[in-house]
């Protein structure tokens, strides 16, 4: 039973108002091909979900596709801030729900467990609890009475994860840092994996054996997209494209440059 | 900084009244050498914790070391029931706290997260909630109101886990089924790993790469114990010793045979 | 018609219940063999976790007493128990549970016989049954010997919940209903009055009278009762040549016992068993 | 006395804070280099997760812009983020956070400048700071430019909590206290009146007056204020030859910028950079 599909077919699962999540972190292993395709698709009013957002989030904000962003971080790691995200926030043109890393992981983990919430201690006593959109509630431990934070489950409608390699059954392997992807995978209602390469059977070699295995039982479709992480890095396939990253940061808010860039796929 | 110690030194961490947990499952990868050494040590009144108890639990009950057992299963898998466990329960001579697999995993996971409890849906509507020693409480989800089960954390004082291989830093690899050991490892206050072999550096080969890696940060001591799983199986090092298993089941409650067997290490 | 054993009939019948893109967990020999048969026959994308979580999503192999040695080569992932329970929470589990007691509303018990506080017989504990209850569409059961001590009016300890409360209060996640039951006499479900046990089919040669006599309550039966379909030649070939050439299924028959175990062990390991037992 | 840069002074000072058998997480270049220096010098069992969780518990290597390529060979585990947060929950984290704002009671902010609802400047978001707060003994901070906009009376958004509530209510698990702070002017802690900021040492050539002038509130100072110890020859050798031969630390200096980045990139990859930017 093959789960190999096209990117177009995967994108069709995103409808106006959908919540769409992206794996990877910062400028590492971002599903850039999927995000760029989504930016030119006829669908908007999206809620984006990303623990550590990067250019994929920024370009969708720039393309006007985003109503709300649920995030713990958006940036280009050591290479600076995200231009469209900055501009949109400073203009007040998108809604945001601000998590921390551990609280958004708890939200994914609640989804992965098919539970409505999970308790955590992370985030207590900080201002992520004080924002008008904060989704958290304080609860008391039913045994000890300790004050804890209840984090409601996040169940994104569609998640895109980029992997190094996948098989036709829908299994995939991430060789580098898995970030929150294994939990996002389990929390999302529909999951698409873009992979550099789709093979008949995953190799059982040292390179993939130390990686993060994503089971076909969680995955609805796999799409072969060479260089699917675009200008972000995919260990060990390619480093990030530093000139492209720096150019994007400089020029992204130039609308002419940006609309040409978005289409150049 | 080596974490290599002796079994005697590890056993000294167990004091009267300690809660002691064992990894593995049924008759797979049981820390039998550690359990047999504990059975002849001058320490009793123990609380044993095992998701899937096997001969290690049975022999400690037989040796009169156990006041209370916290468990989801005790048996010899396809090869029958545990003789001392049966006898002790039917005589009412030990206290038991009965979990299911998922609820004891939730208890370990709460411990792993350093939280006082975790919610779950598993176990609802069954009689594990009705026993006089049941540790659970029903709670309402603070968001949806859904009835859930709160499982308090289990934090065993000492855990013994048997692994295929460990390094002197305290890292270890389990090649076969990890059972609940990765979470038990994180929940227990003190963790000892017995391993077939201790090496300077863990090999980075196909055999170990697919296994479960246990980090030195969780582990207080590693002990080299060849055939440390005794008559239970350790993939891929040895199959279980079927004649020994069957003999134990037949003769364990013969006190003369049993006290000779316990000492025959 | 080819000759077949009761175990072969049961495996063939049990195999029909699996669907694809989900786990078929083999916690007992018969459930394991039935999942393997299903995958070999008509559910190629069944996700097997027979024997070991470390060799999950493996291909169909011959069943062994120690499966890891044969399954590891084709196992596609090392499935952690944590992830397994996440899969279960998402309804991706299918299982035939080998139960000790089963009652008229489909509650099951593998923990204790008699009062829990001081049991007449301590069995293995509730194990994963209270969990499977929240991760399956339905819980299917097999019972080796259908008699009034195994098929009872009310179980002594509820591991898997039955229908006596009509499925319990309305909840966002529905608990599994008791599904099919196979015994040495027939196939049953819980579509009788008040969701109680009902005869689905009787094995060749078994009468309804014998079932009633061997059951601790009155089993509902309606209309013409079909005969349980017997295994096809292809099913028998797969069972005998592919998934169970050593004959582990005999452990579930009257042949079961230490001698058969030792014999299977010798076949499997090639080594003569030491004369310790 | 050997010549040294400010960054080298900071790395040397920061390295002194690590203890063994716990993680030293390098989320910024300076924190990463300081953890590597600590491991190379005096904390051999420091658990590094520099650059990538997939190459965790690696040996000391030369820092690179893309660390995975160099660290993977010696990384001992693929540390999942879930397990990382379990380790953090058990207090096994040590981190120097590069903060944007820090206030007189040690609260930190990397999320927004100005009102959260419509910020004057959107930074990166709270990231892991609200979490580290519950997994460290203390949260240490570094700030590149000490001035009244970075060291402020009160942060605009609390990512890491400060001492203004005396540590908050009594709890079974204590939240981290603000620990040391290093800036381009000196080293500070929060042992001043009411657990407010206090001068620990001033970097060579820096006066207390300059610190007061550059701080958005009055920093507590008492007695003879020591000079921050300067890096030893051995520390400088390790920094320059072992952990940062390419000189990534310069990104934290006034030299930082696209040109330096491109130069480092070329050294690291050996390839000339395409003239796209």
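The values are calculated or read from the model by the stated rules, or taken from the named source; none is laboratory data. Everything quoted here is computed from the prediction, not taken from an experiment. Backbone-built Cβ (ideal geometry, glycine too); neighbour counts: all protein chains shown.
Among the numbered conditions (1) in contact (Cβ under 8 Å) with a residue 24 or more places away in the chain; (2) surrounded by fewer than 19 Cβ atoms within 10 Å (Cβ to Cβ); (3) more than 23 Å from residue A:104 (Cβ to Cβ), the only one that residue D:115 does not meet is (3).
Annotation note: of C:236, C:261, the sole residue that is modelled with pLDDT of 95 or more, in contact with a helix residue (DSSP H, G or I) (Cβ under 9 Å, 6 or more places away or on another chain) and in the same structural domain as residue C:50 (by TED's automatic domain parsing) is C:236. The set of residues in the range C:168-192 that are more than 21 Å from the chain's Cα centre (by Cα) and free of Cβ contacts under 8 Å to residues at least 12 places away in the same chain comprises C:168, C:169, C:170, C:171, C:172, C:174. Residues in the range D:220-237 that are free of Cβ contacts under 8 Å to residues at least 40 places away in the same chain and either assigned to a loop (DSSP other than H, G, I, E, B) or buried (at least 17 other Cβ atoms within 10 Å of the Cβ) (or both): D:220, D:221, D:222, D:223, D:224, D:225, D:226. Of all residues in the range D:92-109, those being part of a loop (DSSP other than H, G, I, E, B) and either in contact with a helix residue (DSSP H, G or I) (Cβ under 6 Å, 6 or more places away or on another chain) or away from chain A (no Cβ under 12 Å) (or both) number 5.
Once the range B:242-265 is narrowed to residues that are surrounded by fewer than 21 Cβ atoms within 10 Å (Cβ to Cβ) and closer than 26 Å to residue B:176 by Cα, the residue that is farthest from the other protein chains (Cβ to nearest Cβ) is B:265.
Among the residues in the range D:151-165, are any part of a loop (DSSP other than H, G, I, E, B), away from chain A (no Cβ under 14 Å) and touching a residue at least 40 places away in the same chain (Cβ under 8 Å)? Checked the range D:151-165: at least one residue is part of a loop (DSSP other than H, G, I, E, B), away from chain A (no Cβ under 14 Å) and touching a residue at least 40 places away in the same chain (Cβ under 8 Å). Within the range B:222-235, not a single residue is within 13 Å of residue B:174 (Cα to Cα), out of contact with any helix residue (DSSP H, G or I) (no Cβ under 9 Å at 6 or more places or on another chain) and surrounded by fewer than 23 Cβ atoms within 10 Å (Cβ to Cβ). Does the range C:67-83 contain at least one residue that is more than 14 Å from chain A (Cβ to nearest Cβ), assigned to a loop (DSSP other than H, G, I, E, B) and farther than 16 Å from residue C:159 by Cβ? Yes, the range C:67-83 contains at least one residue that is more than 14 Å from chain A (Cβ to nearest Cβ), assigned to a loop (DSSP other than H, G, I, E, B) and farther than 16 Å from residue C:159 by Cβ. For the range A:207-225, filtered to residues that are closer than 23 Å to residue D:71 by Cβ and assigned to a helix (DSSP H, G or I), the residue that is nearest to the chain's Cα centre (by Cα) is A:208.
State whether one or more residues within the range A:187-199 are within 14 Å of chain D (Cβ to nearest Cβ) and farther than 10 Å from residue A:219 by Cβ. Looking through the range A:187-199, at least one residue is within 14 Å of chain D (Cβ to nearest Cβ) and farther than 10 Å from residue A:219 by Cβ. Determine whether the range A:160-173 contains at least one residue that is more than 14 Å from chain C (Cβ to nearest Cβ) and more than 27 Å from residue D:76 (Cα to Cα). Yes, that holds for at least one residue. Scanning the range C:12-57 for residues that are within 23 Å of residue C:126 (Cα to Cα) and part of a strand (DSSP E or B) gives C:23, C:24, C:25, C:48. Of all the numbered requirements in (1) surrounded by 24 or more Cβ atoms within 10 Å (Cβ to Cβ); (2) touching a helix residue (DSSP H, G or I) at 6+ places or on another chain (Cβ under 6 Å); (3) at the interface with chain D (Cβ under 9 Å from one of its Cβ atoms), residue A:79 misses one, and that requirement is (1). Taking residue C:64, is it within 16 Å of the chain's Cα centre (by Cα), facing chain B (nearest Cβ under 10 Å) and either more than 24 Å from residue C:100 (Cα to Cα) or surrounded by fewer than 24 Cβ atoms within 10 Å (Cβ to Cβ) (or both)? The answer is no for residue C:64. Taken over the range B:82-123, residues that are assigned to a loop (DSSP other than H, G, I, E, B) and more than 7 Å from chain C (Cβ to nearest Cβ) amount to 8.
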